[in-house]
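Please read the structure below before turning to the comments.
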Amino acid sequence: MAVAEKVFSESGYHDLRGHIAALEREGLIHRIDRPVNKDTEMHPLVRWQYRGGIPDAQRKAFLFTNPVDSQGKRYDSPVLIGGFAGSRRIYSIGMQCPESEIGARWERALRSPLRPVAWEGPAPVHEVVITQDELEASGGLLKFPQPISTPGYDNAPYLSSAHYITKDPETGVQNAGNYRGMFKGAAKVAVQFSPHGADGAVHWEKYKRRGEHCPVAIVVGGPPVLAYTAVQRIPIELDEMAVAGALVGAPLRLVRCKTVDLEVPADAECVIEGYIRTDYLEPEGPFGESHGYVHQRTISPVVEITAITHRTNPIWTSFISQVTPSESSTIKIVSYEPMFLSFLRNDCGVKSVVRVSMHEPLTNIRPVVFLQFRNPTEGEVWRALKLASGFKIGVGKLIVAIDEDIEPTNLDAVMWALAYRMTPHEDVQIVRGYDKGHAPPFREVAAMENSVMLINATLRDKLPPISLPKREFMERALELWNELGLPPVTPQSPWHGYSLGDWDDELDQEAQLAAQSRWIENAIKAAKNRVSADTKFAKGDL
Ligand SMILES: Cc1cc2nc3c(=O)[nH]c(=O)nc-3n(C[C@H](O)[C@H](O)[C@H](O)COP(=O)(O)O)c2cc1C
């Protein structure tokens, strides 16, 4: 049996430990046993994986078994960074399916969520219970080696892979949202809700109106599938835990928390229980963000911790986010792209769209989007461009329609399409009236309007062939290249000529004659078709 099949054929879902074992079997973890400073060295070290030219296929997770801090403090828990989505392969192992199935799994899970079940017997996450009166003496939150994400700019360690579980006080439906959490003490941590509609904030507002504090359970090191749902904008009526179970076809197993009326995965590494205060806010931030800039200070709610429960020898986790590509762009793009394509093709019926590609490096997947088409009509292109700009908040500052022969991950190819297949005054539309997403410029959010530029860079007219030798000549030449022992090449698209419609049999025959070294026959034919020097040429003939 192939290694990949072994990884995906196990039944049930993986908790974090099962997932780490699967990654280890696949050789996808760098294990670092020497002491590494969590506040100054850990994230910068992993950052080199993303700023050091290592391609996605070679990226791995990092497990630091000996974290220390700048005060010489040692920590018992190891830290896993990049373990959920350090690369597309790591994400697919967490989803327990090949990458090609991820989109279909998401669609199915959103249509048919799988209700979680109760854990039977003592829950692993309750192996150690630190009650409220023990928090200060035990170290509480400070027992855990949360690394600083952007040393030199962040003002504290922030929870980064923390799923805040809250419950709608009216419907009883739980929500899991991945929000950053500034460390504020042994028994206190912040939560930062985006002003663009975090579901946890909707719950918090409801408790605030009722004059109550908002119960919360913060899961760190839950099953990977929960992480994949906690970072997705899922309708508030749907419980992320049910969607997570449906993603892997096995219900999550939950246990009731010790001090709040919420349910959490019983096999999570750690759960921080408490109440998000609704009577005061505190300064929070700055914090390096996924849009690639340090996000300035906010005034945000605070969680007062009522208990911390964890497994024996818990494994701590941290997402590497900030400048993209990163774990936080990978964790979204892998599911966004296929769902985006399905939205355009299946929900909106634009069948000529064949691929959606979100630009990841530095831009962070949402602002720049490419739609690839096969034989579209002009109307289909514009309809798809406009629909794409409404897919999710913040999607599309620049959306470009391209043909199937233009590889969207190669910006040179996209520029080539822009240079020759579009005419700015005819093929560009700027549409106003969009919300401003989570990104600079940081002016007063409510006052800001956003707009989107839509560009049709698909071929409308026939063009002569690409001016490269036909495929058969390039293939033969590559054999020759290799026989000669010349340096290895990586073919870059386009690497051979192909027709774009404006080519006929006569021209093709002439080229064939030339390739047979019979070009003189073409010259003789041309001489027979001689015309007077006074002949007026049609516009465009020269
Ligand atoms: C590493 C990381 C950190 C995030 N931090 C925040 C945050 O601090 N606040 C926020 O509102 N969203 C944050 N997000 C985005 C949310 O996870 C995402 O919008 C998700 O849909 C929120 O869940 P909700 O829709 O249930 O509110 C973060 C995402 C990632 C991957």
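Values quoted throughout were computed directly from the atomic coordinates according to the rules given, and no laboratory measurement underlies them. Given the structure is predicted, the values throughout are model-derived calculations rather than measurements. As a convention, Cβ positions derive from the backbone with ideal geometry for all residues, glycine included, and neighbour counts pool all protein chains shown.
Quick notes on this one:
- Given R0 = 41 Å, the distance between the Cβ atoms of Ser194 and Arg34 translates into a calculated FRET efficiency of 0.65.
- Once Rg and the Kirkwood radius are both taken over the C-alpha atoms of the chain, their ratio Rg/Rh works out to 1.07.
- Given charges at Cβ of Lys, Arg, Asp, Glu: region 348-406 dipole, positive-most of Met358, Gly379, Gly390: Gly390
- Summing charges over neighbours of Lys184, with a neighbour being any other residue whose Cβ is under 12 Å away from its Cβ, gives -1 when K and R count +1 and D and E count -1.
- Lys/Arg +1, Asp/Glu -1 at C-beta; the chain dipole; positive extreme among Leu45, Ile148, Ile333: Ile148
- Across region 3-318, C-alpha contacts under 8 Å between residues 6 or more apart give a mean separation that, scaled by the residue count, equals a relative contact order of 23 percent.
- Footprinting exposure proxy for Asp56, Asp279, Asp15 (fewest neighbouring C-beta atoms within 10 Å first): Asp279, Asp56, Asp15
- Taking 7 Å steps out from each Cα toward its Cβ at Ala514 and Glu282 produces label points 7.5 nm apart.
- Net charge dipole size for region 333-380 [Lys, Arg +1 and Asp, Glu -1 on Cβ; Debye, nearest 20]: 100
- Here the chain is treated with +1 on each Lys and Arg Cβ and -1 on each Asp and Glu Cβ, and its dipole about the Cα centre works out to around 400 debye.
- Sum of -39500 (n - 2.57) over DSSP H runs of 4+, divided by residues of the chain (222 nm, nearest 500): -8000 deg cm²/dmol
- Inter-site label distance for Glu127 and Arg374 at 7 Å from Cα along Cβ, in nm: 5.1
- Site pair Lys351 and Thr535 shows an inter-label distance of 4.6 nm when each label is modelled 7 Å from Cα along Cα→Cβ.
- Pairs exceeding a 27 Å alpha-carbon distance, out of Lys38/Lys60; Lys206/Lys258; Lys397/Lys462; Lys184/Lys208: Lys397/Lys462.
- Theoretical gain in end-to-end length, Thr423 to Phe473 [0.36 nm per residue, Cα-Cα removed]: 14.7 nm
- Two-decimal Rg to Rh for region 366-452 - Kirkwood Rh, Cα set: 1.00
- Label point 7 Å beyond Cα of Glu521 along Cβ direction - residues of region 461-480 with amide nitrogen under 20 Å: 470, 473
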